[in-house]
Amino acid sequence: MITEPWFYVAAAVAVLIVGIAKGGLGGGIGVVAVPLMAMFVSPAQAAAIMLPVLMVMDALALRVYWRRWDWQNLRVLLPASLVGTGLGFLTFGYLSADGLRALVGVVALLYSVHFFVRRAPAEGRSAHPVAGLLWGATAGFTSFSIHAGGPPLQAYLLPQRLHRTTFQATSVLFFFVVNWSKVLPYAWLGQLSGENLGVSLVLLPLAPLGVFLGRVLHHRVNDEVFFGVVHGSLLVIGVKLLYDAANVG
């Protein structure tokens, strides 16, 4: 069992941020969880500890946004995501966590900068199956490794300018499927040890609180603020992930 007090402080903050993201402010900001916890444990252990917490959050958020998602997108994204998680499983231990951080950081940074540079209203793009397959697989792959599937998913969904509740609900169902699909692979890889599950259990009570706060905020901010927060978080996350990737060791 981890005994470092500052780990639990960082982990509690991480869980609340992820819960708020899943509850209503866009899943992308949840990518900060593993980097925060990885200041005290390895990224692989941080990801393993977070998985059961994420699964509970996904179930809670799914009830809030039940049947408000966009099936046109999910029909393409979900099968692609399972291919991505399969690739993540097969390559586990071979790919550098810092390389994955750099990849996700670049995607997050590019799309957030594009949003703030081009603020004039524009028509949303139509969902494109080929792009959906690419981004869905990328999101599944990076989610398996370091729970960083949010930025690739948002890179595909945000240009469509979906209604914010549709956007949130689509993200919620996507990650419900992706995270629950990781259980057997994580168990096979020995990630779901008694120690890791014990820490997950300690953090679990914060999950419903975070989701509740996110739900409240979702209904109290307008569209401009909502998407500004989502893109702003992507900008910060992109810089953070690139910084972490550049400062190996």
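The values are calculated or read from the model by the stated rules, or taken from the named source; none is laboratory data. Remember, it's a predicted structure, so these values are computed and weren't measured experimentally. Note that each Cβ is placed from the backbone with ideal geometry, even for glycine, and that neighbours are counted across all protein chains shown. For the accessible areas, the whole protein counts, side chains as well, though only heavy atoms, and no ligand, DNA or RNA atoms are used. Shrake-Rupley method; radii C 1.70, N 1.55, O 1.52, S 1.80 Å.
Some notes on this structure:
- Of all residues making up the range 125-182, the number that are surrounded by 24 or more Cβ atoms within 10 Å (Cβ to Cβ), among the small types (Gly, Ala, Ser) and more than 16 Å from Leu78 (Cβ to Cβ): 2
- Test for Val202: is it of a type in the set (A, V, I, L, M), part of a helix (DSSP H, G or I) and under 26 Å from Phe7 (Cβ atoms): yes
- Qualifying residue in the range 214-229 (condition: part of a helix (DSSP H, G or I) and within 26 Å of Phe7 (Cβ to Cβ)): yes
- Taking first residues from the range 189-205 that are without any contact (Cβ under 8 Å) to a residue 60 or more places away in the chain and partners that are outside any helix (DSSP H, G or I) and basic (Lys, Arg), no Cβ contact under 7 Å between residues at least 6 apart in sequence or on separate chains turns up.
- Qualifying residue in the range 102-123 (condition: surrounded by fewer than 24 Cβ atoms within 10 Å (Cβ to Cβ) and at pLDDT 90 or above): no
- Answer from Val18, Val31, Val13 - the residue that is open to solvent by less than 10 Å² (accessible area, probe 1.4 Å) and at pLDDT 85 or above: Val18
- Selection status of Gln191, at pLDDT 85 or above and in contact with a Phe, Trp or Tyr (Cβ under 7 Å, 6 or more places away or on another chain): no
- First in the range 73-95 and closer than 14 Å to Ser143 by Cα, second anywhere and surrounded by fewer than 16 Cβ atoms within 10 Å (Cβ to Cβ), Cβ under 8 Å, 6 or more apart: Phe89/Trp188; Phe89/Leu189; Phe92/Leu189
- Residues (open to solvent by less than 50 Å² (accessible area, probe 1.4 Å), more than 22 Å from Gly93 (Cβ to Cβ) and more than 20 Å from the chain's Cα centre (by Cα)) located in the range 183-214: Gly198
- Candidates Val15, Val41 - the one that is under 13 Å from the mean Cα position of the chain (by Cα) and on the phi < 0 side of the Ramachandran plot: Val15
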